[in-house]
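Scroll down for the structure; my scribbles are underneath it.
Any read-out appearing in this document is the output of simple, stated calculations on the displayed coordinates, not a laboratory observation. Quantities reported herein were computed from a predicted structural model and do not represent experimental measurements. Here the Cβ positions follow ideal geometry from the backbone for every residue, glycine too, while neighbour counts run over all protein chains shown.
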Amino acid sequence: MAAAQKMTPEERVAMIDKMVNGLAEKLKTNGRDKDGWQKLIRAYQMLGRKDEAVKAVASAKAGLAGDDGAVREIEDFAKALGVGS
């Protein structure tokens, strides 16, 4: 975190984007990671990327298909963030 404080705003944005994009890539190969999906959805929402957050909710539900409890948790989580229906 100390290194991040020395970065320009543009460098910080690039670093954050890289981390978020890395998480999105990991979830493409392991779509069963409910906690990872929640982190990604929250990150997109916090970054003001609501369309991507909505897409991540749909992808999470597809990746977690068959685990009704996890799908419900994603739906509830998204709804609490203002991303779900």
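So here's what we get for this one:
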{"item": "Restraint check, Lys6/Lys26; Lys6/Lys79; Lys18/Lys50; Lys34/Lys55, Cα-Cα greater than 25 Å", "result": "Lys6/Lys26; Lys6/Lys79"}
{"item": "Trypsin sites (Lys or Arg not before Pro) restricted to DSSP loop in segment 42-85 with at most 16 other C-beta within 10 Å", "result": "Arg49"}
{"item": "The chain, Cα convex hull volume normalised per residue, Å³", "result": "92"}
{"item": "Rounded tilt (10° steps) of 68-81 against the dominant C-alpha axis of the chain", "result": "50"}
{"item": "Percent RCO, i.e. relative contact order, over the chain, from Cα pairs under 8 Å lying at least 6 residues apart", "result": "24"}
